[in-house]
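Reviewing the structure listed below.
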Amino acid sequence: MTEKPETKFIVITESVFQSWARDASTLALFVSLIGIGIALDSSAMQWTGAIVGFIATAAKATGKAKKLTKEQALRFIQGIAS
C-alpha cells in the first residue's frame, strides 16, 4: 500500500485576540447547539452540542499542532520548496 504523506499546517501569525476569538467561536457553537436543543426540547440537538464540545475539548487537549516561530516556519517552507 502507498502511504499518504503527512499533512502539516502552519500558522504564521496569530495574535492573542485571534486565538481567544477562535476559542470563543468554538464555545459558542456547542453552547448554542445545546441552548437551541433545550429551547426546542430536542434531546438530539442537545447531544449533538455535547458531542461537538467533547470533540473540541479532546482536540484542544491533544495538542498535536506544532507551533513554530516565524523564523522556524520560514525555514520549514523553504525546505519544502527546495
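Results, tabulated for the structure shown:
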| item | result |
| --- | --- |
| Linear extension gain, residue 16 paired with residue 29, 0.36 nm per residue minus alpha-carbon span | 2.7 nm |
| The stretch 10-81: trypsin sites (Lys or Arg not before Pro) falling in loop per DSSP and having at most 14 other Cβ within 10 Å | 64, 66, 67 |
| Charge context of residue 23, other residues only, Cβ under 13 angstrom, K/R +1, D/E -1 | +1 |
| Rough spin-label spacing in nm, given labels placed 7 Å along Cα→Cβ, for residue 39 and residue 61 | 3.0 |
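Values in this text are rule-based calculations from the coordinates and carry no lab data. Quantities reported herein were computed from a predicted structural model and do not represent experimental measurements. With ideal geometry, Cβ positions are generated from the backbone for all residues, glycine too; neighbour counts draw on all protein chains shown.
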